[in-house]
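The values are calculated or read from the model by the stated rules, or taken from the named source; none is laboratory data. Keep in mind it's a predicted model, so treat the numbers as computed, not measured. Every residue, glycine among them, receives a Cβ derived from its backbone with ideal geometry; neighbour counts consider all protein chains shown.
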Amino acid sequence: MHFKLIIAFVEDDKTDLVLDTARKNGAKGATVVNNARGEGTKQSKTFFGLTLEAQRDMLLFLVEEHLSRQILETIAKVAQFDTKPGTGIAIQIDVEDAVGVMHQVELLTQELEDKKYD
């Protein structure tokens, strides 16, 4: 089984929405890194040396490659990445190898077999 890693940087108020959407589209889990900091085309404003910006979370999804594009597009749509500047971005990268994911492989294999017989 081949995997992709989807990395999404989202405003913290959209984290649960993106997590739920990814799960509904086939993701079996995620890792959330809170308090990520980034900068877009415009630099963040500061006030007495303090940066005025919304908190961001980094979400990591290890997903089966056949599900990855659907998950990527769906989370981008619900989080409004392309329609509202500054809401976040998501990328996917190839995963050469992964360990510790046997439970996910078993679940995905069962789901594929169930679909084959429907």
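Tabulated data for the structure shown
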{"read-out": "From the options T87, T109, T83, residue that is at pLDDT below 80 and over 12 Å from the mean Cα position of the chain (by Cα)", "value": "T109"}
{"read-out": "Scan of segment 67-95 for residues that are surrounded by fewer than 12 Cβ atoms within 10 Å (Cβ to Cβ), of a type in the set (A, V, I, L, M, F, W, C) and under 18 Å from T15 (Cβ atoms), ordered by number", "value": "I91"}
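Yes or no, residue by residue, for (1) in contact with a helix residue (DSSP H, G or I) (Cβ under 7 Å, 6 or more places away or on another chain); (2) surrounded by 14 or more Cβ atoms within 10 Å (Cβ to Cβ); (3) modelled with pLDDT of 95 or more:
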| site | (1), (2), (3) |
| --- | --- |
| L5 | no, yes, yes |
| D16 | no, no, yes |
| G40 | no, no, no |
| L52 | no, no, no |
| R56 | yes, yes, no |
| F61 | yes, yes, yes |
| E65 | no, no, no |
| D97 | no, no, no |
| H103 | no, no, no |
